[in-house]
Every structure is written in structure tokens, then in C-alpha cells.
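Q: Structure incoming, see below.
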Amino acid sequence: EHPGGSLRWLRDLLQPLMPLSGDAAYDWLIERATASPPGADGLVFLPYLTGERTPYVDPLARGVFFGLHLGHRLEHLVRAVLEGVAFSLRQGLELMQQAGAPTDLARGAGGGLQSAVWLETMADALGIGIQTTTAGMGAARGAAVLAGMGVQLYGDANIGIAWAAQPVQLPDAGRRVALAPAFARYSRLYPLLQSEFGQS
């Protein structure tokens, strides 16, 4: 699932109840998440709305909210969605770390990373610095740069992307401690639910 896909699903689901529409609705939703503590009071979201690819190759996997109780409100649901996406990326990061890849900094452009809340959530969940750029069309620009490097048009992957000028969002130790139980629960859920996915 593309990181923005889960939040788009939630936005579209709640659109009839929201005071804003379109891109402004994303900002409104993400702002709600600030009223929830890290870990969403025990609520965990598996973002497998279209199956899962990493670390589990399972097209039958499905999205799950786990741990709902009467005290949860919209802000907890939004926080759980943001954290679930970040936890999914963390599992991919851990695979790269196990393979020996240097993983002390992640870089991204556009989308949810323009939100301070989501940027903090990503840094805290991944446990590494996150650097963004004001350059738009991050994926398309990155693909063009890599293609240019492949034909020796560019000698530097940073061409056209002013990374150095942008600050790095570092993880917060306190929020990481608060997220630890949520990530542990997140990590246990897929193996427990795997046999249920795909059952009619």
C-alpha cells in the first residue's frame, strides 16, 4: 500500500462528515492526530488495504484496526493509521539494516512528509532522521535522476534536489518509548492473523 493510500481511504470514508474536502481534508485529519498520544492509546492499524508486499508477500492480507475500545475517538484512528504506515516502513527498514545497508537517514519528498505531525511520526517510528525537500514530484524526479545517472547524464544522485538545505527531523526519545508497545503489538498481529486472511 502506498503510504498515502491508507490516509486517503480514511479521508474518503469520512468525507461526508468533514468540514473540508480535497487536500484540505488531509490537513484537517492529520491535525486531529495531534490530540492522540503516540501509540494511540493501544489502537493499532495494519495498513494492508490492498495486500502486503514487505516484509510479508501476501496479496490476501487486509487492513485491521486492533484494540478498539469505547475511549477511542477520531484522533486515535487517524494516529493509528499514520503509525501503522510508519510501522510498515520500519519493517522494511529493518530488512535493509539486516542486509547491512547504511540506514541512518531517510529522505523523501512531497505527500504526507509536508506535515510536521507525519514527519515526526515517521522519524519516531523509524528511529532515524528524516530529511525532506521542497522539490515537488519526488518519485518522478527521483526516477528521472536515476535514469540520467544510468546513461551518465548525471554523476550525482542529488542533482536537482536541494537536500543539504533542508533540516533533518530527528526521532524524539520520549515518543519512541511511547511507540514501542504499539510497534511490538503491530509486529505480532500479522503472524497471528495470517491464516484468517483470504477466508470467506
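The values are calculated or read from the model by the stated rules, or taken from the named source; none is laboratory data. If you're wondering where the values come from, they're calculated on a predicted model, not measured in any experiment. Note that each Cβ is placed from the backbone with ideal geometry, even for glycine, and that neighbours are counted across all protein chains shown. The protein model used for the area step is the full one, side chains on, heavy atoms only, and it has no ligands, DNA or RNA in it. Shrake-Rupley method; radii C 1.70, N 1.55, O 1.52, S 1.80 Å.
Q: Given points 7 Å out from each Cα along the Cα-Cβ axis, report the Gln97 to Arg176 separation in nanometres with one decimal.
A: It works out to 0.9 nm between the two label points.
Q: How large is the Kirkwood hydrodynamic radius of the chain, counting all unique pairs of alpha carbons, in Å?
A: 18.0
Q: Next question, about the same structure. Scattering from the C-alpha atoms of segment 1-53 alone, worked out with Debye: what is log10 I(q)/I(0) at q = 0.18, 0.29 1/Å?
A: After summing over all Cα pairs, the log10 values are -0.69, -1.17.
Q: Give the calculated FRET efficiency between Ala184 and Thr34 to the nearest 0.05, with a Förster radius of 22 Å applied to their Cβ-Cβ distance.
A: Step by step, r from the Cβ atoms, then E = 0.40.
Q: Please report, to one decimal in angstroms, the Kirkwood hydrodynamic radius of segment 56-146 built from all distinct Cα-Cα pairs.
A: 15.1
Q: How large is the charge dipole for segment 8-140, taken about the Cα centre, if only the Cβ atoms of Lys, Arg (+1) and Asp, Glu (-1) carry charge, to the nearest 20 debye?
A: Dipole of segment 8-140, to the nearest 20 debye: 200 debye.
Q: Let me ask something additional. Which value in nm describes the separation of the simple spin-label points at Tyr154 and Gln194, placed 7 Å from the Cα toward the beta carbon?
A: Simple spin-label model gives 3.9 nm for this pair.
Q: Okay, moving on. Counting only protein heavy atoms, what percent of the accessible surface of the chain is carbon or sulfur at a 1.4 Å probe?
A: With neighbouring chains kept in place, the figure for the chain is 59 percent.
Q: Rounded to the nearest whole Å², what accessible area per residue is found for the chain with the 1.4 Å probe? Working shown, then result.
A: Values: 10660 Å² over 200 residues.
Per residue, the chain has an accessible area of 53 Å².
Q: Further question: Just want the answer: with Cβ charges of +1 for Lys and Arg and -1 for Asp and Glu, which residue in Gln131, Ala180, Pro102 is farthest toward the dipole's positive end in the chain?
A: Checking the options against the dipole of the chain, the answer is Ala180.
Q: So for segment 15-100, averaging the separation of alpha carbon pairs under 8 Å that are six or more residues apart and normalising by length, what relative contact order in percent results?
A: 32
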